[in-house]
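Input: a single structure, listed below in structure tokens.
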Amino acid sequence: MSLSLPRRLAAAALLALACAVPAVAQEAVIRKTLAERIPNFPKIDEVSKTPIAGLYEIRIGTDIYYSDEKGDHLIQGSLIETKTRSNLTDARIDKLTAIDYAALPFKDAVVYKQGSGARKMAVFVDPNCGYCKRFERDLLVVKDVTIHLFIYPILGADSSAKSRDIWCAKDPAKAWRAWMIDGVTPAKVMGACDTAALDRNVEFGKKHRVQGTPAVFFEDGTRKPGAMSAAEVDKLLAAASKKS
């Protein structure tokens, strides 16, 4: 004898609830075990299933760990899907750390254009970063792009001093490229100069896990750490333009 529609719906709801309860209970077990065994372990923001049976993702802010269903083992590292060779951990972190390009604090950036400037990208950079200097030279051949440069002095006192001299120069973009490409030390800026933008850049970068330079952002939300070739930049700019 078949069940009526209302009864079938009720049965389906009960089945869904029965499946959900173990998942919630499992999360509680993991949280309890890790808190008891690792007292200084940071507060867990989220516990969720992974594609691997019995393996759970532990999210703390934008940091990712993995645990078995009892919390007996904790793993820190990358989860790779072999069929597609995809790094699921990196993909998850990229999603967690994504920044809406339009929400970047552009008023605190040094801006320069190449060609039409139709395509856009943003870069967080330290004036004493060797990879940033190489990246700056590679960017010279990228066409039709507007570059929003966020000076991000994180490598020490000299980085802060050079950043101040560049930001406070009459033409910050010119002073920046003269230093990064030609090695021309920026002129010392004497007297008062408002460097609050540099402080805001550091605060913004730390909030959004900009842990090294260069850190590159594109209009479609793509984020790439480290220096890239001009060809790689051009490819990402083209993809971002299509999406936007």
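The charge dipole of the chain, taken about its Cα centre with unit charges on the Cβ of Lys, Arg, Asp and Glu (plus for the first two, minus for the last two), comes to roughly 440 debye.
Rounded to the nearest whole Hz, the Karplus-based 3J(HN,Hα) values (6.51 cos²θ - 1.76 cosθ + 1.60, θ = phi - 60°) of the range 186-192 follow the sequence x, 5, 5, 8, 9, x, 6, with x at glycine and proline.
Ordering M190, M228, M121 by the number of other Cβ atoms within 10 Å of each residue's own Cβ, fewest first, gives M190, M228, M121. Annotation: Cα Rg of the chain relative to the compact-globule expectation 2.2 N^0.38 Å equals 1.36. If you run the Gaussian network model on the chain, springs between alpha carbon atoms under 10 Å, then out of D182, D94, D220 the most flexible one is D182. Of all lysines in the structure, those lying under 26 Å Cα to Cα from K43, and not within fewer than 8 positions of it along the same chain, are K32, K70, K95, K206, K207. The residues packed around R92, meaning those with a beta-carbon under 14 Å from its beta-carbon, carry a net charge of -2 if Lys and Arg are +1 and Asp and Glu are -1. Each residue of the range 208-222 was assigned a 3J(HN,Hα) from its phi angle through the Karplus curve 6.51 cos²θ - 1.76 cosθ + 1.60 (θ = phi - 60°); the sequence is 9, 6, 7, 9, x, 10, x, 10, 10, 10, 10, 4, 8, x, 4 Hz, with glycine and proline shown as x. GNM remark for the chain: springs join alpha carbons under 10 Å apart, and the peak mean-square fluctuation among V233, V216, V29 falls on V29. Taking the chain as a Gaussian network of alpha-carbon nodes connected by springs under 10 Å, the highest mean-square fluctuation of the residues A103, A118, A173 belongs to A103.
Estimated from helical segments only, the mean residue ellipticity of the chain at 222 nm is -13500 deg cm²/dmol, where each DSSP H run of four or more residues counts as -39500 (n - 2.57). Amide H to amide H distances under 5 Å link L55 with T50, where only residues 5 or more positions off or on other chains count and H is placed in the peptide plane. Using C-alpha pairs below 8 Å separated by at least 6 residues, the relative contact order for the chain is 16 percent. Rounded to the nearest Hz, the phi-derived 3J(HN,Hα) couplings of the range 109-120 under the Karplus curve 6.51 cos²θ - 1.76 cosθ + 1.60 (θ = phi - 60°) are 10, 8, 10, 9, 10, 10, x, 6, x, 5, 8, 9, where x marks glycine and proline. What separates the Cα centres of the range 26-86 and the range 161-187 is a distance of 45 Å.
In the range 101-243, the DSSP beta bridges split such that about 65 percent are antiparallel, to the nearest 5. Among residues other than A28 with Cβ under 12 Å from its Cβ, the summed charge is +1 (Lys and Arg +1, Asp and Glu -1). Taking amide H atoms as placed 1.01 Å from N in the peptide plane, the amide H of D126 lies under 5 Å from those of Y152, each 5 or more residues away in sequence or on another chain. Structural descriptor for the range 101-243: relative contact order 31 percent, calculated from alpha carbon pairs under 8 angstrom and at least 6 residues apart.
For the chain, the longest principal axis of the alpha carbon atoms and the long axis of helix 5-37 meet at an angle near 60°. Note down the nm distance, to one decimal, between modelled labels 7 Å out along Cα→Cβ at K49 and at A239. Result: 3.0 nm between the two label points.
FYI, it's all coordinate maths here, none of it is from the lab. Note that the structure is a prediction, hence the values are computed from the model and not measured. Neighbour counts are summed over all protein chains in view; Cβ atoms, including those assigned to glycine, are modelled from backbone coordinates with ideal geometry.
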